[in-house]
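A.B. asks: Right, I'll just put the structure down here and ask away after.
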Amino acid sequence: MPKKSRQTTEEKYRVLLDINNAIITNRDRESLFEDVTEALRSIMPFDRANIMLYLPEEEGFRPFVRSGPKVVPEQFRKRVLPREGSMLGYVLDQKKPVIQTFDGEAQEGPL
């Protein structure tokens, strides 16, 4: 096996082990998500990550947990973001990821 491929495989297994350890040792969602995103950041750079819960009765999404700069106002955490016409709705409907870059351009999706 080429050295680079072996390193990549070893790195992925190390990240999976880190995530497994985070699941075992964390008891609240914020610290769990922080540890998981920290492990993922070592193989996939990003600034922030969010998990949004879909609320079918409200046809929208509510923030569940977030990793990254903690500049989210409390009123945002309680806000329901609409499904229709949103990137979140696109991801849910199309079952395809969307990666948004710093310049605001999505690599795939309606926005």
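Each value in this text was obtained by applying a stated rule to the coordinates, not by laboratory testing. Remember, it's a predicted structure, so these values are computed and weren't measured experimentally. Quick reminder, even Gly has a Cβ in these numbers, built from the backbone with ideal geometry, and neighbours come from all protein chains shown.
A.B. asks: Pop out the ³J(HN,Hα) list for segment 11-18 in order, Karplus 6.51 cos²θ - 1.76 cosθ + 1.60 with θ = phi - 60°, rounded to Hz; leave Gly and Pro as x.
C.D. replies: 5, 5, 5, 5, 5, 4, 5, 4
A.B. asks: Please arrange LEU88, LEU53 by counting, for each residue, the other beta carbons lying within 10 Å of its beta carbon, fewest first.
C.D. replies: LEU53, LEU88
A.B. asks: List the residues whose amide H sits under 5 Å from the amide H of VAL65, counting only those 5 or more places along or on another chain, with H placed 1.01 Å from N in the peptide plane.
C.D. replies: HN-HN under 5 Å from VAL65: ILE51.
A.B. asks: Please enumerate, by chain and number, the aspartates and glutamates with C-alpha under 17 Å from the C-alpha of LYS78, excluding those fewer than 8 residues away in the same chain.
C.D. replies: GLU30, GLU57, GLU58, GLU59
A.B. asks: What ranking do SER67, SER86 get, fewest neighbouring Cβ atoms within 10 angstrom at the top? Show your work: numbers first, answer last.
C.D. replies: Working: SER67 20, SER86 17.
Arranged by neighbour count, lowest to highest, SER67, SER86 become SER86, SER67.
A.B. asks: Using θ = phi - 60° and the Karplus form 6.51 cos²θ - 1.76 cosθ + 1.60, what ³J(HN,Hα) does each residue of segment 30-37 get, whole Hz, x for Gly and Pro?
C.D. replies: 5, 5, 4, 5, 4, 5, 5, 5
A.B. asks: Segment 8-87: which trypsin sites (Lys or Arg not before Pro) are DSSP loop and have at most 14 other beta-carbon atoms within 10 angstrom?
C.D. replies: Values: sites: LYS12, ARG14, ARG27, ARG29, ARG41, ARG48, ARG66, LYS70, ARG77, LYS78, ARG79, ARG83; in loops: ARG27, ARG48, LYS70, ARG79, ARG83.
Filter output for segment 8-87: ARG27, ARG48, LYS70, ARG79.
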